[in-house]
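Encoded as structure tokens, the structure appears first; notes follow it.
Please treat every number below as a calculation from the coordinates, not as lab data. Quantities reported herein were computed from a predicted structural model and do not represent experimental measurements. Note that we place each Cβ from the backbone using ideal geometry, even for glycine, and neighbour counts take in every protein chain shown.
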Amino acid sequence: MVKLFIFLIMIFTYTNASAKLTYKDSINLVHSIQSYGIEYGEGKQNVYVFVDPLCPYSRKFISMISSKPKMLEKYKYTIYLYEIPRLHSTDTIASIYNAKEPINLLLEVMLKDKKTLIEPTKKTETTVNAITNVAQKLHIKKRPFIIVEK
């Protein structure tokens with residue numbers, strides 16, 4: 001678990017260095033889309049996570065935090081759905097964002113492999129476009145992509 005966190009933080013550090021963004025700039029970018037995030041956990045430490053709901057590595061990460069109550073007590077995860085193009089998850093992402101309880105559907109899709117597809121709406125397009133814009137500025141290439149707020 002700790003090794004996974006260190007590995008993911010290393011990915012952020014490497015990607016962020018190539019983007020020439022300061023840590024503060026990165027956090028400010030993520031804060032600009034915070035209203036689009038799906039919150040999970042009750043902790044005081046903020047963790048921002050970009051995942052693709054169909055990505056096996058993203059699923060392993062969500063499975064790990066879901067199965068560890070202490071992680072959910074210590075951290076508050078803000079999850080952003082950001083598509084890996086080759087996985088074609090646009091409709092799955094739209095379904096999750098359109099759900100009455102997005103976190104519940106996210107967990108069903110990622111942990112139980114629930115199939116759910118609806119076409120994107122104007123609302124989901126706005127959400128996805130805002131997240132994509134920030135993700136591109138952060139030069140996110142891998143999922144899950146994690147930023148731990150200091």
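Below are the figures for this structure:
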read-out	value
Label-point gap, in nm, between His88 and Glu42 - each point 7 angstrom along Cα→Cβ	4.1
Most positive-pole-ward Cα, Gln136, Val109, Pro120, against dipole of segment 106-150 from beta carbon charges	Gln136
Mean separation of Cα contacts under 8 Å, 6 or more apart, over the residue count of the chain: relative contact order %	36
Gyration tensor over alpha-carbon atoms, the chain, equivalent ellipsoid semi-axes in Å	22, 19, 14
³J(HN,Hα), Karplus 6.51/-1.76/1.60, whole Hz, each residue of segment 119-130, x for Gly, Pro	6, x, 9, 4, 4, 5, 4, 4, 4, 4, 5, 5
Qualifying aspartates and glutamates (Cα of each under 12 Å from Cα of Lys70; at least 8 residues distant if same chain)	Glu42
Net charge, Leu111 excluded, C-beta distance under 15 Å - Lys, Arg +1, Asp, Glu -1	+2
Highest to lowest packing among 103-110, 78-85, scored as the average C-beta count within 10 Å	78-85, 103-110
Estimated 222 nm signal from helices in the chain, with DSSP H stretches of n ≥ 4 weighted -39500 (n - 2.57), rounded to 500	-16500 deg cm²/dmol
For the chain, share of DSSP beta bridges that run antiparallel, in % to the nearest 5	50
